[in-house]
Amino acid sequence: MTLRATPDRVEVRARQFPTNQGGLCQKGWTSAELLDHPDRLTTPLLRDRRGAELRPASWDEALDRVTSEVSKLQSAYGRDSVAVFGGGGLTNEKAYALGKFARVALRTRQIDYNGRFCMSSAAAAGNRAFGIDRGLPFPLADLATAETLLLVGANVAETMPPLMRYLVEQKRRGGTLIVVDPRVTATARQATLHLQPTPGTDLALANALLHVALAEGWVDRSYVEDRTNGFDAVRRSVAGYWPARVERLSGVPVADLEAAARSLGTAGTAIILTARGGEQHAKGVDTVTAFVNLALALGLPGRPGSGYGCLTGQGNGQGGREHGQKADQLPGYRRIDDPDARAHVAGVWGVRPEDLPGAGLSAYELLDSIGSPDGPRALLVFGSNPVVSAPRAGRIQRRLADLDLLVVADFVLSETAAMADVVLPTAQWAEEDGTMTNLEGRVLRRRALRPPPPGVRTDLALVAELARRLGTGTRDSHDNSGSGSSGSHDNTGEGPVFPDDPRLVFDELRRASAGGVADYAGVTWERIDAEEGVFWPCPAEDRPGTARLFADGFPTGDGRARFVAVEHRPAAEEVCPDYPLYLTTGRVLAQYQSGAQTRRIDPLVRAAPNAFLELHPDLAHRLGVVDGDEVRVSSRRGEMLAPARLTDTIRVDTVFAPFHWGGAARANSLTNDALDPTSRMPEFKVCAVRVERVERTERVGRA
């Protein structure tokens, strides 16, 4: 999109670009309405004591409070007594700076971000199989030309509407679209074939598809032999997933399983895509791996017009997970426990490798430890609202309340900011330069249209000032000293520097990422402008970006992709007489993430004013519920209240709730905090619940 500023307003206009081709969803068209919203924060806020109201404060008072408390806590309890929690919507520059700030200024190992709740299972599966994690290893345009497209757990018609043009074009060309989802979503209604499994059975379904492909001779034997390892173990494993058995497990008819396998196995080109519906499980990594195994067996990755990919879920869902705000990561998608990686990044940052902390706790484990005797006693939050977005959110809300210090940087008073001891007002997207990386691995520019309002600072300026007050250096946009184009120093004794100019931060990011898996060394802002984005890896300015991966091999030790045998296992929490229904959660078209922004925009509120519980009419009849009745949904962790919405597009044994609302309508009060053993992804997408009609007398009493 493009922006145009007039003296009294900012307008959003369409822009022809290779990915969205001028298309935006309703959230994009209305995004400027938040820039001057009455709820916009324009001054720091702080509490004088626990239980006191937030009051306006000067920046000096607020930052003095933060640095004083941080210093006291770290002196008394150690470096790890202070933690940082970031967000997948932060620019590449901010994500990078936040990771550096945690490890250099705070010297804490306790940093993670909300993207752990989004992409981590697909990322872990991709790294395990391919040696790299990039959402799509091919351009988006390939989707439109695939003869068969399998979409697992994604309702892109509501969550990523501009992408629908590729699916529509794919069908127009005569392609087959297969959608796997327990609900008949707007996306599923466009499908040639809709597979509607019991929540939590996607892994068994994938193994069944590979079972059929093997039985029918559709496996690409030469590809498997020449380009992969580990197939024999997978072949033996999927022998136990004959279609009749998987029908009993998943509810998907044998005929549909066979039809889906046939369409994939006989297509000239085919693409398999996974998203949160298949990934947000305590077995999410293995579920994605099962679909990767299927793609490898059919010879898809690296073949023109074919492959496996995963859809991102946040504004910078790809770039936000590449440059250091993950607990186990350094910039360039380097591992923090790799001595060579530590030495390289330490050299860029001007510190000793041994001074960099090690890996910290994953997002949910970090949030669940705060405020406890052995956990962090202070938390700094940037670009996240875990009071609404975390699983088992009631427990996390109590943990936040137990902190000695909660600091939130945001531009509205989110549910998390409302709990904070210090709130720091930050700039919005139209008020700062930076870069984002889309699901293709294409690095994009985001340009400032106007300065922030008086009293508001950018996240980079905030991080730089906190670092300075904590005893590390800063460089602003008027200071061009230093080595080359970098805003940092090598190990020359001058110490680490925290620039607040996004261009300087990006140039430093380039150096820090050089030689890593996500290598941005050859990406410059000028190239991004000239080439409509640059694909990573791009190791040098005279080298083209890499739009397509895997054509000549995989970035593994031997250049081969890895099959991994995986077995179906039940959801972490199965239904029972006390909790007889499956709950699954997701998004709606007019709202986004925790809703802190979109619930403040009038056209979006009119389109989606409140939470709801979607349930089948047959189930509603058994419960004595009619459309619009208020219902209570209970799990072992909490409850939510919402009006019933009856629809025959959902399974009779399953209910659905969107997760954009807080308070009594908070869906994440219910969700399960069971974690994937590899990715540490919580099981958002399935838990056991019961549903009851709220009697009128109870509603009146509560009112």
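Before moving on, here are some points about what is shown:
- Computed from the C-beta positions of residue 548 and residue 10 and an R0 of 30 Å, the FRET efficiency is 0.25 to the nearest 0.05.
- In the context of the full set of protein chains, residues of the range 564-703 present 41 Å² of accessible surface per residue (probe radius 1.4 Å, heavy atoms only).
- Estimated [θ] at 222 nm from DSSP helical runs (n ≥ 4, -39500 (n - 2.57)) normalised by residues in the chain, nearest 500: -8500 deg cm²/dmol
- Amide H contacts of residue 560: 554, each under 5 Å away and 5 or more positions distant or on a separate chain (H built 1.01 Å from N in the peptide plane; Pro and chain starts excluded).
- Here the convex hull built on the C-alpha positions of the range 54-160 has a volume of 192 cubic angstrom per residue.
- The order of the peptides 520-526, 668-674 by mean Cβ neighbours within 10 Å, most packed first, is 668-674, 520-526.
- Measuring r between the beta carbons of residue 192 and residue 610 and using R0 = 41 Å, the FRET efficiency lands at 0.75.
- The protection proxy used here, the mean number of other Cβ atoms lying within 10 Å of each residue, ranks peptides 367-376, 303-312, 384-393 as follows, highest first: 384-393, 303-312, 367-376.
- Probe 1.4 Å, protein heavy atoms only - accessible area per residue of the range 242-379 in square angstrom: 27 Å²
- Read-out Rg and Dmax of the Cα atoms in Å, derived from the coordinates shown; its label in (1) 27.3, 108; (2) 24.7, 74; (3) 26.3, 83: (2)
- Taking 0.36 nm per residue of separation and subtracting the Cα-Cα distance, full extension of the segment from residue 343 to residue 171 would add 56.9 nm.
- Flagged links, alpha-carbon separation over 23 Å, of 100/326; 283/685; 94/685; 72/100: 94/685
- Once the 1.4 Å probe is applied to the protein heavy atoms, the range 45-166 comes out at 28 Å² accessible per residue.
- As a fraction of the 1.4 Å probe accessible area of the range 191-255, surface on carbon and sulfur atoms comes out at 49 percent.
- Under 12 Å from the residue 216 label point (7 Å along Cα→beta-carbon), backbone N, the range 229-264: 255-264
- Label-point separation in nm, residue 695 to residue 529, each point 7 Å along Cα→Cβ: 6.9 nm
- Solvent-accessible area, 1.4 Å probe, carbon plus sulfur percent, for the range 259-393: 50 percent
- Packing-based ranking, highest mean first, of 454-460, 163-169 given that Cβ atoms within 10 Å are counted: 454-460, 163-169
- Long-range HN-HN contacts of residue 111 with modeled amide H, under 5 Å: 84, 360, 361
- Note on the range 574-649: with neighbouring protein chains present and a 1.4 Å probe, carbon and sulfur make up 47 percent of its accessible heavy-atom surface.
The values are calculated or read from the model by the stated rules, or taken from the named source; none is laboratory data. All figures in this text were calculated on a predicted structure; none of them were measured in a lab. Note: ideal-geometry Cβ built from the backbone for every residue, glycine included; neighbour counts use all protein chains shown. Each accessible area value is taken on the protein alone, full model and side chains, heavy atoms only, with ligands, DNA and RNA left out. Shrake-Rupley method; radii C 1.70, N 1.55, O 1.52, S 1.80 Å.
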